[in-house]
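Take a look at the structure set out below.
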Amino acid sequence: MQYLIVKHSHMFFVAITILLFNIRAFMLWRKPENPLAGIWKVLPHLNDTMLLFTGLWLMKITGFTPFNAPWLAAKIFLLLVYIGLGVVVMRSRPRSGKFYAGYALAMLCVATIVYMARFKPYFY
């Protein structure tokens, strides 16, 4: 029962993270001259803290680690790439090539992370 609660909490925080990133990118794209309000800068960090906490809790419950589950190592690596791309998107000039490329690559990382979580492919 604990596993299901933590797993679904983690999935909820994943959905909120994706939603917040898309809202922030859209707000920057829509009105590039307006900087994001403080709540839009703080809320993602609070959510991501809970996401990290539930992820670590899942690792404890399941016994999966990046050392015994290569798909988890790949997810963590892609998460770091996604964070870097998110920084690029939030700091680049909206409607620029860098903004669009960073956004597209960040969403590709998210899609791959979700795929890895869902199917847990085995790497040799």
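Whenever a residue of region 88-103 is touching a residue at least 24 places away in the same chain (Cβ under 8 Å), its partners that are among the polar types (S, T, N, Q) and in a loop (DSSP other than H, G, I, E, B), lying with C-beta atoms within less than 6 angstrom and at least six residues away or across chains, give the pairs 99/92. Taking the condition touching a residue at least 12 places away in the same chain (Cβ under 8 Å) and charged (D, E, K, R), does residue 60 pass? So residue 60 fails the test. When region 1-38 is limited to residues that are charged (D, E, K, R) and open to solvent by 60 Å² or more (accessible area, probe 1.4 Å), the one that is farthest from residue 98 (Cα to Cα) turns out to be 7.
Candidates are the residues of region 44-92 that are of a type in the set (Phe, Trp, Tyr) and assigned to a loop (DSSP other than H, G, I, E, B); the one that is most open to solvent (accessible area, probe 1.4 Å) is 67. Would you confirm whether any residue within region 18-29 is within 17 Å of residue 93 (Cα to Cα) and under 13 Å from the mean Cα position of the chain (by Cα)? Yes, because at least one residue in region 18-29 is within 17 Å of residue 93 (Cα to Cα) and under 13 Å from the mean Cα position of the chain (by Cα).
The values are calculated or read from the model by the stated rules, or taken from the named source; none is laboratory data. Note that the structure is a prediction, hence the values are computed from the model and not measured. So basically every Cβ, Gly included, is an ideal-geometry build from the backbone, and we count neighbours across all protein chains shown. Accessible surface is based on the protein model in full, side chains and every heavy atom, while ligands, DNA and RNA are left aside. Shrake-Rupley method; radii C 1.70, N 1.55, O 1.52, S 1.80 Å.
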